[in-house]
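A.B. asks: Below is the structure I would like to discuss, written out as structure tokens.
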Amino acid sequence: HDRPCTDRARSAEPLRLAMAHIAAYHAPTGDDTDDAEDGQRQARVVTTPPSQRRRRLATAAALGGLALGVAAVAGALRRRPKATDGPAFPVSLAIDEASTTCAKAGESCLSSQCCQDATQRCYEKNKYWGTCRDECDPGLEPNDPDAEPWTCRVLGINRAWASSIEQAKKTLSNLTVEEKISLLRGENEGWPADRHGYAGFVGLGHVYGDPWMPHGVMPLTMNDGPQGYNSYGKFSGKSTQYPSLLTVAASFSTVTSRRYAKAISEEFVAKGANVLLGPDVEVMRVGLAGRSFETLSGEDPYLGSTLVPVFVKAAQDHGLIVCVKHFLDNNQEIYRQSMSAEVGERQQHEIYLPVFKAAFDAGANAVMCSYNKVHGKYACENSDILRRLLREELGFKGFVISDWGATHDALHSSKAGLDIDMQGDDPNVRLPDEYHKLPGLLKDGSISQASIDEKALHVLASMRMSGLFEGRFAVPQQWPKMTMGVQRGEQKTLVQADTTSDAHRQVAYQTIVDGAVLLKNEKGALPLKAGTKIVMVGKFCDQFKDFTIKQGDVYSGGGSGYVGTDSTITPFKGLQASGASVTLSVGADGAKGAEVAVVCAAAHSEEGWDRKDLVLPEAKELVSALRSQTPAQKIILVGSVPGAVTTEWVGDVDAALMLFEPGEQVGPAVADLLFGKASPGGRLPVSFPEVSEKRFTQEQYPGVCPPPKTWCPDMTANFSEGVLVGYRWNDAKDVPSAFPFGFGLTYTDFKLSNFTVTCSGGQAIVSLDVANVGGRDGEAVPQLYVGFDHLKPAVRQLRGFSKVLVPAGKKAKAAFQLGPADWSFYDEATKGWVSGLSLGDEVHLSVGTSSGDLVWHSKLPAKCSAATS
């Protein structure tokens, strides 16, 4: 949020204890198993020294136990067996614990669309079969006899919401008007009605003697962020600094997204925060955007719509309310609090809304409206986006919360559909919220009691959906009986708890590996052989703090998504710990005599302003100096980047490895990737442009001002490029990227062959063989793109991908399921979705390893067209 990364809640006392039952709540469930490969990966993480770990555990035992013990977390985070990732349709959350007609695990749930086990969901395979399961990854499953992919669409959202709303109405009927309004205002008063050490606090109690949980309504304790628990500089190092969400996007893996969300959620529970302010799901329009590293979607709505649902489900399994952000068209930081986005209806529906829809259909029950204006009206007082688009078209039934300070007028926001108003920040004073005006507006008739009730019902129903009334979010048993003041005294121990663990560091490490993108590997330059004499070149090889960075650090972007830590292991330290023969030099002059020079280059980005350019600082200078100095020396570039960068240096390196704001475990990950103990598993979630690419006019980005001004806070950005976002622009303009969306090499080679298209159950299924023709096991990511005439000006768009582990010399199957949604476009004339097939379009199918490397092209067969139109 637009606030300094500090917390001005009262300073909490040192850690004494954290509730041991929370660790028990996270005990292994039996649905996850370790494998040998994960055991090897675990051994590679540089962990807390044993002596220090023993002292911590001894202290914890004496004081009552840690909130999240290392052993408990390690069990809870055991990695499930490898599964195929792939295409996803918008999914829905199904929870109806009261119904005896709900299905048991393994039973068909197509009829009931709910599960007796509240931790499971009713997942659809196809129109003929669906069953209750703990989790589901779209695509093929090895043991299925029919060799058809799962859609993993979750059924039952309407039934679940209907039940939650009816129960919430009963609670609402017991509340006074003052209590209802309390649910709509972020606390920002003096202790104990302050934020309790969190980013935001909403509750019914206000003074010391008030019950902490009146009427059974648990306070909402909100915190940033979706990349780890942000302590705002107060307790640096006591929560894990995970890689960025863009790293998860680069993994092209639902398994990675799920594992990542589970680990972060466990730290939120241990800290006592029941609202996760994230994930960011905006589709990246502008490569320079300051928060590009925070998006789980990269530049493609289908990628985000596949990865977001599993993130949401994993967080809600821990009783968290998931608040996706930022709604809507928050695609730049330049004057984000006052600029206006002018966006066409087709672009809105095809590019920017789908990921939000996927999150809501997965059960996300809160959404944050953004700072910017849309068509001249602030997002948090814009009824067109909060009512027409959000409520009516997307069917959202949860609560809308403002970004911090994004509410400008209580009356306008109330009428437009804002439910919770969060006040702005100032380093020195407490700023009032706008919704403190609600009682006066109610009294003078400007707003109605029905409007207040509707907003409060949205909040209570969302709490019901996340199980906050049923105990799914773990709190100490004595808290519901406490007063505000007494609970506040005990709660501060949780906020200060050290929730890091070896298991969480392992998740951070594995996420880096899964999202690492190998751009170049000339003549098998990587992996390096043991004993290779290495010099690491560049100041950031052994430095993670930089005084020129205002927010964040070298390996983590700045802003509300930043997690402060003193535990970062630099690349140099990681190689040292691995036993490599390695020296360090800030400049090229110290690289003489080494067999391999590893250049460390880092670009930084942060909330509040966009980057000035896409250059990777120092990369060209260091690489050029090394190449001139020792022409035969092998040069490897390792880049830490917040998003797209230009690669004018790539011709002079032998190999290039890109990491997207990797976080504290960068060192161990780099060491293993360079020496082949791990293989880069990522693909580009954003296109890397050529230096000469000119994508936007001034009117499009950053925007224009009323004449004669050329630069002003109230500038207007015209999204006149329409649907040509990301690789769609490159394809339509026939301007190739330097490295296209979806691109990524591995340490082996793959061949895609034996393509078939069949019709089944009203769906088209594209199948293929993936052969590993190299000498190492590896993960391939075949991608399916679909095009049709009415998709123009776009040529094609991603509609399927599958991350497939293939042993060396072996083959594996991949399959994608397609239906009418995949060849439909939004028609502005009719204000609805129209099938291209129904208008006589031919549907073109293409499969390849990136948007720019498509090895198979075909048309949807006539028999499929007849069956699926």
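Yes or no, residue by residue, for (1) modelled with pLDDT under 95; (2) farther than 30 Å from L519 by Cα; (3) among the aliphatic types (A, V, I, L, M):
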{"site": "F825", "(1), (2), (3)": "no, yes, no"}
{"site": "V834", "(1), (2), (3)": "no, yes, yes"}
{"site": "S838", "(1), (2), (3)": "yes, yes, no"}
{"site": "H844", "(1), (2), (3)": "no, no, no"}
{"site": "T849", "(1), (2), (3)": "no, no, no"}
{"site": "L860", "(1), (2), (3)": "yes, yes, yes"}
{"site": "S865", "(1), (2), (3)": "yes, yes, no"}
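A.B. asks: Looking at segment 840-869, I want the residues that are farther than 15 Å from Q817 by Cα and have a partner that is at pLDDT 95 or above and assigned to a helix (DSSP H, G or I) with Cβ atoms under 6 Å, at least 6 apart or on another chain. Which pairs are those?
C.D. replies: That search, which allows pairs on different chains as well, returns D841/D789; D841/H790; S851/Y727.
A.B. asks: In addition: I need the full set of residues from segment 495-528 which are small (G, A, S) and in a loop (DSSP other than H, G, I, E, B), in order please.
C.D. replies: Scanning segment 495-528 gives A497, S501, A516, A525.
A.B. asks: Okay, moving on. Quick check on my filter: what residues within segment 699-709 are open to solvent by less than 90 Å² (accessible area, probe 1.4 Å) and either of a type in the set (A, V, I, L, M, F, W, C) or without any contact (Cβ under 8 Å) to a residue 24 or more places away in the chain (or both)?
C.D. replies: Q700, V704, C705, P706, listed by residue number.
A.B. asks: From the list E282, E267, exactly one residue is open to solvent by 10 Å² or more (accessible area, probe 1.4 Å) and either under 16 Å from the mean Cα position of the chain (by Cα) or at pLDDT 95 or above (or both). Which is it?
C.D. replies: E282
A.B. asks: Out of the residues in segment 370-418 meeting the condition of being in a loop (DSSP other than H, G, I, E, B) and among the acidic types (D, E), tell me which one is least open to solvent (accessible area, probe 1.4 Å).
C.D. replies: Applying the filter and picking the extreme gives D403.
A.B. asks: For residues in segment 762-796 being of a type outside the set (A, V, I, L, M, F, W, C) and surrounded by fewer than 16 Cβ atoms within 10 Å (Cβ to Cβ), which is modelled with the lowest pLDDT?
C.D. replies: If we take residues in segment 762-796 being of a type outside the set (A, V, I, L, M, F, W, C) and surrounded by fewer than 16 Cβ atoms within 10 Å (Cβ to Cβ), then G762 is modelled with the lowest pLDDT.
A.B. asks: Separate question: Limited to segment 97-151, what total is found for residues that are under 19 Å from V312 (Cα atoms), of a type in the set (S, T, Y) and open to solvent by less than 70 Å² (accessible area, probe 1.4 Å)?
C.D. replies: So the answer is 2.
A.B. asks: Another question about this same structure. Hey, among N174, N158, which residue is surrounded by fewer than 19 Cβ atoms within 10 Å (Cβ to Cβ), of a type in the set (S, T, N, Q) and more than 29 Å from the chain's Cα centre (by Cα)?
C.D. replies: Of N174, N158, the one residue that is surrounded by fewer than 19 Cβ atoms within 10 Å (Cβ to Cβ), of a type in the set (S, T, N, Q) and more than 29 Å from the chain's Cα centre (by Cα) is N174.
A.B. asks: Turning to a different aspect of this structure: Could you please find all residues in segment 710-737 being open to solvent by 30 Å² or more (accessible area, probe 1.4 Å) and farther than 20 Å from L791 by Cα?
C.D. replies: T710, W711, P713, D714, T716, N718
A.B. asks: Within segment 234-248, can you find the residues that are out of contact with any Asp or Glu (no Cβ under 7 Å at 6 or more places or on another chain) and either more than 16 Å from S556 (Cβ to Cβ) or surrounded by fewer than 24 Cβ atoms within 10 Å (Cβ to Cβ) (or both)?
C.D. replies: Correct list: F235 only.
A.B. asks: Any residue at all in segment 327-341 that's outside any loop (DSSP other than H, G, I, E, B) and of a type in the set (D, E, K, R)?
C.D. replies: no
A.B. asks: Out of everything in segment 816-848 that is open to solvent by 40 Å² or more (accessible area, probe 1.4 Å) and acidic (D, E), what residue ends up being farthest from S753 (Cα to Cα)?
C.D. replies: In this case the residue turns out to be E828.
A.B. asks: Can you tell me which of G398, G405 is farther than 19 Å from I321 by Cβ and touching a residue at least 60 places away in the same chain (Cβ under 8 Å)?
C.D. replies: Selected residue: G405, the only one of G398, G405 that is farther than 19 Å from I321 by Cβ and touching a residue at least 60 places away in the same chain (Cβ under 8 Å).
The values are calculated or read from the model by the stated rules, or taken from the named source; none is laboratory data. In this text the structure is predicted, and so the values were computed from the model without any measurement. So basically every Cβ, Gly included, is an ideal-geometry build from the backbone, and we count neighbours across all protein chains shown. To get the accessible areas, we keep the full protein, side chains included, count just its heavy atoms, and leave off ligands, DNA and RNA. Shrake-Rupley method; radii C 1.70, N 1.55, O 1.52, S 1.80 Å.
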